[in-house]
Each structure stands twice: as C-alpha cells, then as structure tokens.
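Every number here is computed from the coordinates shown, using simple stated rules; none is lab data. Quantities reported herein were computed from a predicted structural model and do not represent experimental measurements. All Cβ positions, glycine included, derive from the backbone under ideal geometry; neighbour counts span all protein chains shown.
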Amino acid sequence: MFLLMLLFPEVAHAMGTTGTGGASQGGGTSMLLMLVAIFAIFYFLMIRPESKRRKERQQMIDSLKRHDKVVTVGGLHGEIQDVHENHVVLKIAENVKVDVAKSAISGKRE
C-alpha cells in the first residue's frame, strides 16, 4: 500500500488510503514528475542507444571504399571493387561481381 501511495497518490487518495486523515493532496505535480521520469527512462534506455547505433552504421556506410571486405545483410561476403552514390560493386568470387545497395551492407570484416 505504501508503494501505491508513493507512485500514484491520486489513486491512493481515491481508495481512501492517503494516511493524511482525508486531507487533499496536490497530485497533479507528482503525476507530471512521474511522466517526465518515465519519458527520461524511455529515452535513455531505448531512443538514445538506437540513434547512436544508426549514426555509427551510417558512418560505416559513408566510409566504404575500394578493397574493403564486407558482409551483406543476406550473408554474402565479398570485396568492394567500385563505390557509387547508392550502391557498390562487390566481388564475391573470381570473375563474379554483383551490384549491392549500400543499405544492404551490414558491416566490414577484417
């Protein structure tokens, strides 16, 4: 019950368990603070890490150059032969070259 009173004072008051002898509490501010706290937690646990990963991936795609060894989303391993604006030419075997969208490159390999 005590936890309920701390987290949701309006609900606790409606249930008659405020512990203040029936005196009214200003719960609008605490509800606003709780919503701000929930948004802050959501931001730091979900939004910020995802935007950081997206930025790192975009930097990797922008830094692709000839002779980089890469892996595509589909699992093809190859070496970049030519870089264009939206795609790369990937050599996957001797005398076998394919055009691959830059967005389909999942990462570089050593």
Residue hits (segment 50-91; β-branched (V, I, T) and touching a strand residue (DSSP E or B) at 6+ places or on another chain (Cβ under 7 Å)) are I61, V70, V71, T72, V73, I80, V88, V89
Within segment 68-83, is there a residue that is closer than 20 Å to E110 by Cα and either assigned to a helix (DSSP H, G or I) or in contact (Cβ under 8 Å) with a residue 40 or more places away in the chain (or both)?
yes
Filtering segment 94-110 down to residues that are loosely packed, with under 14 Cβ neighbours inside 10 Å and hydrophobic (A, V, I, L, M, F, W, C) yields V96, A101
